[in-house]
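Structure first, then comments.
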Amino acid sequence: MPASAQRLALYSRTLGIPEVLMLGRYNYSRARDGLVTHSHPGCLEICYLEKGTQLYRVGNREYVLTGGDIFVTFPDEKHSTGESPEEKGRLYWMIIKVPRKSGSFLNCAPEDGRELARQLLAMPRRHFAGQPELKTILDDLIAACQCRKDPLRHVTIQNRIVDYLLRVIACSHRQMKPGISQPISTLLRHIEAHVQEALPVGALATRVGLSVPRFKARFKNEVGIPPAEYVMRRKIDAAKKLLAKPGTTVTDVSFELNFSSSQYFATVVRRYLGCSPRDLLR
């Protein structure tokens with residue numbers, strides 16, 4: 001299935017690894033219905049958000065992922081996307097049955113399998129920065145699953161899974177993402193205060209004294225998403241508040257937030273929230 005496919009799910013029968021119950025990837029151009037509260041008995045779930053933004057809730061706490069983040073739910077933990085949809089972006093997830101006692105694990109030698117399982121369950125954080133190489137490993141893994149004529153297919157799948165898990169464990173022990181610098185922090189406040197304006201990327205780059213390519217790279221590295229997407233998300237947040245006011249119309253809000261038309265405004269709302277502006281009015 002091509003990388004552009006919207007949603008793909010592979011199960012243990014296809015993977016040939018009984019401990020990996022599911023490997024999935026979605027690549028959404030618009031928001032979809034959110035995840036209801038659920039859990040995975042005895043299983044660890046690892047999500048890698050390659051691009052976009054996504055909210056998850058575990059208990060009463062919410063976690064907001066941006067591009068490059070990893071999010072882990074440990075066995076039996078109830079989790080959901082809260083009141084948020086599954087957002088536009090590209091996300092990979094893996095559900096793994098992790099033995100709590102001694103036993104074989106991922107066809108590793110017994111001692112190695114026990115230590116790998118122990119370290120997976122002992123990861124110190126559930127939300128942390130990943131690394132770009134994870135996407136390559138996961139795409140290679142998916143491609144290997146679909147290449148049934150390769151005589152080394154099973155070996156490739158097993159090695160890619162172990163490599164991925166070792167890298168996730170290493171990422172969980174690294175320091176948190178570097179903080180947002182003062183120039184970018186000041187710019188975020190400017191965007192919030194002028195969200196009703198057009199806010200083109202070129203003008204934002206000029207405010208921090210950078211060329212557009214350098215600004216885009218620095219902004220995404222510090223904030224986690226591209227500047228144009230950040231601006232659009234702030235406009236959507238502002239739109240939700242405006243649409244909650246009595247007597248407000250969709251057309252009023254679209255022009256107040258500098259959208260070119262109410263039709264384009266409606267398209268953007270559907271893309272990010274999975275519903276129409278009129279649904280928000282109701």
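The values are calculated or read from the model by the stated rules, or taken from the named source; none is laboratory data. Because the structure is a prediction, the values reported are computed rather than measured. Cβ placement follows ideal geometry from the backbone for every residue including glycine, while neighbour counts extend to all protein chains displayed. Heavy atoms of the whole protein, side chains included, go into the accessibility calculation; ligands, DNA and RNA do not. Shrake-Rupley method; radii C 1.70, N 1.55, O 1.52, S 1.80 Å.
H79 - would you say it is over 29 Å from V223 (Cβ atoms) and modelled with pLDDT of 95 or more? Show your work before the answer.
Details: over 29 Å from V223 (Cβ atoms): no; modelled with pLDDT of 95 or more: yes.
No.
Could you check how many residues of the stretch 202-239 are assigned to a loop (DSSP other than H, G, I, E, B), of a type in the set (A, V, I, L, M) and without any contact (Cβ under 8 Å) to a residue 40 or more places away in the chain? Walk me through how you get there before you give the answer.
First, pick out the residues of the stretch 202-239 that are assigned to a loop (DSSP other than H, G, I, E, B): 208-211, 224-226.
Next, only the ones that are of a type in the set (A, V, I, L, M) stay: 208, 210, 225.
After this cut, where a residue has to be without any contact (Cβ under 8 Å) to a residue 40 or more places away in the chain as well, the list is 208, 210.
Residues in the stretch 202-239 being assigned to a loop (DSSP other than H, G, I, E, B), of a type in the set (A, V, I, L, M) and without any contact (Cβ under 8 Å) to a residue 40 or more places away in the chain: 2 in total.
For the stretch 116-140, which positions are open to solvent by 30 Å² or more (accessible area, probe 1.4 Å) and closer than 24 Å to P99 by Cα? Break it down stepwise before answering.
Step one: of the stretch 116-140, the residues open to solvent by 30 Å² or more (accessible area, probe 1.4 Å) are 118-119, 121-122, 124-127, 129, 132-133, 135-136, 139-140.
The answer is R118, Q119, L121, A122, P124, R125, R126, H127.
Could you tell me which residue of the stretch 225-239 is nearest to I184 (Cα to Cα), considering only residues that are small (G, A, S) and surrounded by fewer than 18 Cβ atoms within 10 Å (Cβ to Cβ)? Don't jump to the end; show me each part of the working.
Of all residues in the stretch 225-239, those small (G, A, S) come to 228, 238-239.
In the following step, the residues that additionally are surrounded by fewer than 18 Cβ atoms within 10 Å (Cβ to Cβ) were identified as 228, 238.
Working: A228: 14, A238: 20 Å.
Once the filter is applied, the top-ranked residue is A228.
Which of the residues that make up the stretch 185-201 are assigned to a helix (DSSP H, G or I), in contact (Cβ under 8 Å) with a residue 24 or more places away in the chain and either open to solvent by 60 Å² or more (accessible area, probe 1.4 Å) or under 30 Å from W93 (Cβ atoms) (or both)?
Listed by number, the residues that qualify are L188, E192.
Would you mind stating whether L242 is assigned to a helix (DSSP H, G or I), open to solvent by 50 Å² or more (accessible area, probe 1.4 Å) and either in contact with a strand residue (DSSP E or B) (Cβ under 6 Å, 6 or more places away or on another chain) or touching a residue at least 12 places away in the same chain (Cβ under 8 Å) (or both)?
Details: assigned to a helix (DSSP H, G or I): yes; open to solvent by 50 Å² or more (accessible area, probe 1.4 Å): no; either in contact with a strand residue (DSSP E or B) (Cβ under 6 Å, 6 or more places away or on another chain) or touching a residue at least 12 places away in the same chain (Cβ under 8 Å) (or both): yes.
No; evaluated as a whole, the condition is false for this residue.
Please count how many residues of the stretch 190-209 are under 15 Å from A228 (Cβ atoms) and acidic (D, E).
Within the stretch 190-209, residues that are under 15 Å from A228 (Cβ atoms) and acidic (D, E) number 1.
Report those strands (runs of 3 or more DSSP E) wholly inside the stretch 21-109 carrying at least 3 residues which are open to solvent by less than 10 Å² (accessible area, probe 1.4 Å) and in contact with a strand residue (DSSP E or B) (Cβ under 6 Å, 6 or more places away or on another chain). Full working, then the answer.
Working: elements: 43-58, 61-66, 69-73, 89-97.
Ranges flagged: 43-58, 69-73, 89-97.
Go through the stretch 249-282 and report how many residues are crowded, with 16+ Cβ neighbours inside 10 Å and assigned to a loop (DSSP other than H, G, I, E, B).
3
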